[in-house]
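First up is the structure itself, then whatever we jot down about it.
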Amino acid sequence: MSKYEKGKIITGCVSGIENYGIFVTLDEYYSGLIHISEISNSFVRNINDYVNIGETIKAKVVDTDEDNYHVKLSIKDIDYRINKQKNAKIPETSHGFTPLSNNLDKWISNKLKEAENNMGK
């Protein structure tokens, strides 16, 4: 009996993204595929909008091929993100762009001098 039973929610690491789906590493033996049709109930234009390589996600087991150590997965209808990043608003300051405008010429000059010194080496 496989540890990846149909319907079970498991975690894995996104190891690859192709036009047709997401590859997920589950453990040292098993890997999984989330076919593009198992990503969302709506049209998926770009898979990269849903996951990033290296991200740990949750997925639901759809089917298991124990002979080849492959698992068919789905992230439809589940909260698959483990570490949700909220779009925190950057607080405005009274300084606005003043620090940038006050230092930009100096920063550019320093970088140009640094580049000239590196070219001379």
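Nothing in this text is a laboratory measurement; each read-out follows from the coordinates by a stated rule. Model, not experiment: these values are computed from the prediction. Using ideal geometry, Cβ is built from the backbone for each residue, glycine included, and neighbour counts are taken over all protein chains shown.
What's the number of the only condition in (1) touching a Phe, Trp or Tyr at 6+ places or on another chain (Cβ under 6 Å); (2) part of a loop (DSSP other than H, G, I, E, B) that ILE78 fails to meet?
Of (1) touching a Phe, Trp or Tyr at 6+ places or on another chain (Cβ under 6 Å); (2) part of a loop (DSSP other than H, G, I, E, B), only one is false for ILE78: (1).
Quick one: in region 45-82, which of the residues that are acidic (Asp, Glu) and within 18 Å of the chain's Cα centre (by Cα) is nearest to GLU5 (Cα to Cα)?
If we filter region 45-82 for residues that are acidic (Asp, Glu), which is where we start, we get 49, 55, 63, 65-67, 77, 79.
Retained after the next criterion (residues that are within 18 Å of the chain's Cα centre (by Cα)): 49, 55, 79.
On the way: ASP49: 28, GLU55: 23, ASP79: 19 Å.
Within region 45-82, the match that is nearest to GLU5 (Cα to Cα) is ASP79.
Which of the following residues is in a strand (DSSP E or B), touching a Cys at 6+ places or on another chain (Cβ under 8 Å), free of Cβ contacts under 8 Å to residues at least 60 places away in the same chain and of a type in the set (A, V, I, L, M): VAL14, VAL62, VAL24?
Details: VAL14 fails: touching a Cys at 6+ places or on another chain (Cβ under 8 Å); VAL62 fails: touching a Cys at 6+ places or on another chain (Cβ under 8 Å).
Criteria check complete, one pass: VAL24.
Taking region 34-50 as the search range and keeping residues that are surrounded by fewer than 19 Cβ atoms within 10 Å (Cβ to Cβ) and among the hydrophobic types (A, V, I, L, M, F, W, C), which one is farthest from ASN19 (Cα to Cα)?
PHE43
Please work out which residue is nearest to the chain's Cα centre (by Cα), limiting yourself to region 27-37 and to residues that are outside any strand (DSSP E or B) and not acidic (Asp, Glu). Spell out how you get there, then give the answer.
Just the residues of region 27-37 that are outside any strand (DSSP E or B), to begin with: 27-30, 36-37.
Remaining after also requiring not acidic (Asp, Glu): 29-30, 36-37.
Working: TYR29: 22, TYR30: 20, ILE36: 15, SER37: 18 Å.
The selected residue is ILE36.
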